[in-house]
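Below is one structure, written out as structure tokens; the observations come after it.
The values are calculated or read from the model by the stated rules, or taken from the named source; none is laboratory data. All values reported here derive from a predicted model rather than from experimental measurement. Ideal geometry is used to build each Cβ from the backbone, glycine not excepted, and the neighbour counts take in all protein chains shown. Keep in mind that these areas ignore ligands, DNA and RNA; they rest on the heavy atoms of the full protein, side chains included. Shrake-Rupley method; radii C 1.70, N 1.55, O 1.52, S 1.80 Å.
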Amino acid sequence: MRHAGVILLMIMAIGLSSHAQSGRGYRSRAVGPLTSADRRGVPDWEVDPNFKDDVFTFVRIKYDSFERWSKWATDYPDSDLNFSFRLQQLTSLKVNPQPIVLELTDPELFRYPFIYLIEPGHISLRRDEVLALRKYLLNGGFLMVDDFWGEWEWETFYAAIKEVFPDREPLELPLEHPIFHCVYDLAEKPQIPAIGQALAGRSAGITWERPDARVPHFKGIFDDKGRMMVVICHNTDLGDGWEREGEDPWYFREFSEKKAYPMGINIVFYAMTH
């Protein structure tokens, strides 16, 4: 956690509309190790060699799930690459162009103040992972949870997070909370559907992915001093808004540009300044 106070004292956001008129056209491929030559069409940039450790690195958490295929890898690596690029492009934050994947038990975890966990509706945490995540969060780390829908997936995630913090409840964040206004001033809690669902529901204005997931929820878990340690983005999918920005101009304008990137940037800003 040693870089948390150095990386970001203030973000100066530039309007998305002035620098992101259209998404880039590339699609996901099979999950594999990232190399400098395989950036999926996302621009690269240089990190100051004198401050190569004082940059924000997007860290995705790898975990076990009940299915055979790996839920942790949803939207990977395009969403991670795109979001890192947009952070570098649209803010004054210095960002590592190379996002990484870690397990909760990796000792390297404590070098990074921000971690991202996706599709936890089928998550299964081992005891050592529970203990590692609790230690990480109580020692200053921040966890963003994203992309799970409906009551059944909520109950599965809730059971897992209660193993981590049996004495703490996730609390709904009111729209007045600074996390919705600290960089981009959002008028509502954003609901971002996967691109297929967005296109299918476009004419009817449907942005939810199942009947019991019509209302987006953003919840926080706090430490004893009132610091938010976890933000939980339920009934919304910011990761798809990042990953699929280049596939459809309407989806980019309505969801990537207006909702997914502003909310993601707000979350990073809030985490790094609190």
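Here are a few things to note about the model shown:
- When only the Cβ of Lys, Arg, Asp and Glu is charged (+1, +1, -1, -1), the dipole of the chain relative to its Cα centre reaches about 300 debye.
- Rounded to the nearest 20, the size of the Cβ-charge dipole of region 159-250 about its Cα centre is 160 debye, with Lys and Arg at +1 and Asp and Glu at -1.
- Rounded to the nearest 0.05, the FRET efficiency derived from the C-beta distance between Leu171 and Arg134 at R0 = 30 Å is 0.95.
- For region 88-139, projected area of the alpha-carbon convex hull averaged over all directions, nm²: 4.9
- Carbon plus sulfur fraction of accessible area for the chain, probe 1.4 Å, in percent: 53
- Using C-alpha pairs under 8 Å with a sequence gap of at least 6, the mean separation divided by the residue count of the chain gives a relative contact order of 24 percent.
- Residues whose amide H lies under 5 Å from that of Lys94, counting only those 5 or more places away or on a different chain, are Phe56; hydrogens are built 1.01 Å from N in the peptide plane.
- Restricting the calculation to Cα atoms, every distinct pair contributes to the Kirkwood radius of region 191-273, found to be 13.6 Å.
- Net length gained if the chain between Phe51 and Leu199 were fully extended (0.36 nm per residue, minus Cα distance): 49.0 nm
- Using a Gaussian network model of the chain in which every pair of alpha carbons under 10 angstrom is joined by a spring, one finds that among Pro249, Pro190, Pro262 the greatest mean-square fluctuation is at Pro249.
- Measuring nothing but alpha carbons in region 122-169 and taking Rh as the Kirkwood radius, the Rg to Rh ratio lands at 0.96.
- From the alpha carbon centroid of region 177-214 to that of region 40-116 is 24 Å.
- Compactness of region 218-264, expressed as Rg and Dmax over alpha-carbon positions, Å: 13.7, 44
- Near the amide H of Arg39, within less than 5 Å, lie no amide hydrogens of residues on another chain or at least 5 residues away, with H placed in the peptide plane.
- Here the chain carries DSSP beta bridges of which approximately 40% are antiparallel, counting only pairs with both residues inside.
- Accessible area per residue for the chain is 44 Å², calculated with a 1.4 Å probe on protein heavy atoms, without ligands, DNA or RNA.
- Rg ratio for the chain: its Cα radius of gyration over 2.2 N^0.38 Å, N being its residue count, equals 0.94.
- Long-range amide H partners of Met229 with built H, under 5 Å: Ile221, Phe222, Asp223
- Overall form of region 122-223: oblate. Here a/c, set by the Cα gyration tensor axes a ≥ b ≥ c, is 1.5 or more, and a/b is not larger than b/c.
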